[in-house]
1. Take the residues of the range 151-168 that are free of Cβ contacts under 8 Å to residues at least 60 places away in the same chain and over 11 Å from residue 111 (Cα atoms): which is farthest from the chain's Cα centre (by Cα)?
2. In this structure, is residue 45 part of a helix (DSSP H, G or I), within 19 Å of the chain's Cα centre (by Cα), touching a residue at least 60 places away in the same chain (Cβ under 8 Å) and surrounded by 12 or more Cβ atoms within 10 Å (Cβ to Cβ)?
3. Say whether the condition of being surrounded by fewer than 14 Cβ atoms within 10 Å (Cβ to Cβ) and touching a helix residue (DSSP H, G or I) at 6+ places or on another chain (Cβ under 9 Å) is met by at least one residue in the range 148-160.
4. Looking at the range 135-150, which of its residues are in contact (Cβ under 8 Å) with a residue 40 or more places away in the chain and either within 14 Å of the chain's Cα centre (by Cα) or within 21 Å of residue 57 (Cβ to Cβ) (or both)?
5. Of all the residues that make up the range 49-77, how many are surrounded by 14 or more Cβ atoms within 10 Å (Cβ to Cβ) and farther than 19 Å from residue 173 by Cα?
6. Suppose we keep only residues that are free of Cβ contacts under 8 Å to residues at least 60 places away in the same chain and farther than 14 Å from residue 166 by Cβ within the range 67-85. Which one would you say is nearest to the chain's Cα centre (by Cα)?
7. For the structure I just gave you, tell me whether residue 50 is outside any loop (DSSP other than H, G, I, E, B) and at positive phi.
8. Which of (1) touching a residue at least 40 places away in the same chain (Cβ under 8 Å); (2) part of a helix (DSSP H, G or I); (3) more than 18 Å from residue 33 (Cα to Cα) is the odd one out, the single condition residue 94 does not satisfy?
């Protein structure tokens, strides 16, 4: 029942297309936009955190690696066909540029990665304008995967939740580590307090 509902919602959302949106959604799913955006976030964090930036960068690298690899593990474990590989949906899908991707799609790695970056970065940046902007960006990336015909809404929703959880968890690990380092410094150098 849930799988059928997911397919019906996919077919509806995927059918809302046009040549202009094909180009836009293909660009949003590609690296041409991601790379400059993520570099800008890293530069902002470098300016804001200065001396702590290298440690923060290590935690961000850990979060990105975990999000990417765990999403692939999910795909290999659940082995849910992407909609563009589903024989029962053949001829019903608007597939942009004929690109389908790997065989399995649960969970969406794009959604996992974009929500992971969104959550870990918004917890470091802590500005309302940024939080709203980066969450909207991650939502659009997730939707682009449905639009392009390569993921069901369930793949995107679960990938988004997984990415947010990983980003939040790694940020909490950073906070715990940062507090321990601060306590250690105060213990060994009481003049810093």
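1. 168
2. Working: part of a helix (DSSP H, G or I): yes; within 19 Å of the chain's Cα centre (by Cα): yes; touching a residue at least 60 places away in the same chain (Cβ under 8 Å): yes; surrounded by 12 or more Cβ atoms within 10 Å (Cβ to Cβ): yes.
In short, yes.
3. Start the filter on the range 148-160 by keeping residues that are surrounded by fewer than 14 Cβ atoms within 10 Å (Cβ to Cβ), which leaves none.
No: zero hits.
4. 137, 140, 141, 143, 144, 145
5. Count: 4.
6. Kept after step one, since they are free of Cβ contacts under 8 Å to residues at least 60 places away in the same chain, are these residues of the range 67-85: 68-69, 72-73, 75-79, 81, 85.
So of that shortlist, the ones also farther than 14 Å from residue 166 by Cβ come out as 75-79, 81, 85.
On the way: 75: 15, 76: 18, 77: 19, 78: 19, 79: 20, 81: 20, 85: 23 Å.
Among those that are free of Cβ contacts under 8 Å to residues at least 60 places away in the same chain and farther than 14 Å from residue 166 by Cβ, it is 75.
7. Values: outside any loop (DSSP other than H, G, I, E, B): yes; at positive phi: yes.
In short, yes.
8. Status for residue 94: all satisfied but (2).
The values are calculated or read from the model by the stated rules, or taken from the named source; none is laboratory data. Because the structure is a prediction, the values reported are computed rather than measured. Glycine gets a Cβ as well: all are built from the backbone with ideal geometry, and neighbour counts include every protein chain shown.
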